[in-house]
Amino acid sequence: MKIKWKPLIISVLSALAVGGLSGLAVGQDFVRYKVLELPAGSPPGWVFPVVWNILYILMGISAYLVWSSKSRLKEPAVFLYVVQLIVNFLWAPLFFGAGWYLFALLWLLFLLYLAAAMVYDFYQISPLAAYLQIPYLLWLLFAAYLNLGVWMLNKV
């Protein structure tokens, strides 16, 4: 498969933009996270933007592989990708902005379901695109653990 650089770059930058906009939507609310009681294994704050940027880059590459395929299944798979990106975008304002830790956990579990369905759909079109999403699924599982811990340790 010949790489079409412009669509690949647009796909990666679009995914990164979702993450960047989600971060901007949270703004100073991330400061609240620093005063919460955190579960064991919580990484330092600087880890989150590094990991998320890597994951968004992988998402963009993965979406490009699916979109540039000749599969008749690509449009529903890309639609699911976009839906899960929107759900992903909204988690941070729910958790950091609103402080709705239980609702954010339920939202995150919904995101995990969507991401798993997306990986399944991507696999039908491009196994490589699906494999590139495995770190995302693992991080979402870890994020669910952290979210659950924050909710349990900081109930009011």
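Observations
- Karplus (6.51, -1.76, 1.60) ³J(HN,Hα), θ = phi - 60°, over segment 15-24, in Hz, Gly and Pro reported as x: 5, 4, 5, 4, x, x, 5, 5, x, 5
- Each semi-axis of the equivalent ellipsoid for segment 80-156 is √(5λ) with λ an eigenvalue of the Cα gyration tensor; in descending order they amount to 26, 12, 8 Å.
- If you count Lys pairs in the chain whose Cα atoms are under 25 Å apart, skipping same-chain pairs closer than 8 places in sequence, the total is 7.
- Under-5 Å amide H pairs with Ser42, H placed in peptide plane, nonlocal only: none
- Comparing Phe96, Ser126, Ile57 along the charge dipole axis of the chain, the residue lying farthest to the positive side is Ser126, per the Cβ-charge model.
- The Rg/Rh ratio for segment 24-84, using Cα coordinates for both the radius of gyration and the Kirkwood hydrodynamic radius, is 1.16.
- The residues of the chain present an accessible area of 56 Å² per residue when probed at 1.4 Å with all protein chains retained.
- About its Cα centre, the dipole of segment 22-156 is roughly 100 debye, where the only charges are +1 on Lys and Arg Cβ and -1 on Asp and Glu Cβ.
- Cα long-axis angle, helix 47-67 against the chain (0 to 90 degrees, to the nearest 10): 20 degrees
- With Cα atoms defining each centre, segment 87-156 and segment 45-77 are spaced 15 Å apart in the structure.
- Taking the 1.4 Å solvent-accessible surface of segment 10-131 as the whole, the part contributed by carbon and sulfur is 74%.
- Cα pair count fraction exceeding 18 Å, expressed as % - the chain: 58 percent
- In the chain, excluding the sites themselves, the longest stretch lacking any of the trypsin sites (Lys or Arg not before Pro) that are in a DSSP loop with at most 11 other Cβ atoms within 10 Å is 73-154.
The values are calculated or read from the model by the stated rules, or taken from the named source; none is laboratory data. Since this is a predicted model, take the numbers as computed values, not measurements. Neighbour counts are summed over all protein chains in view; Cβ atoms, including those assigned to glycine, are modelled from backbone coordinates with ideal geometry. For accessibility, only protein heavy atoms count, side chains too; no ligands or nucleic acids. Shrake-Rupley method; radii C 1.70, N 1.55, O 1.52, S 1.80 Å.
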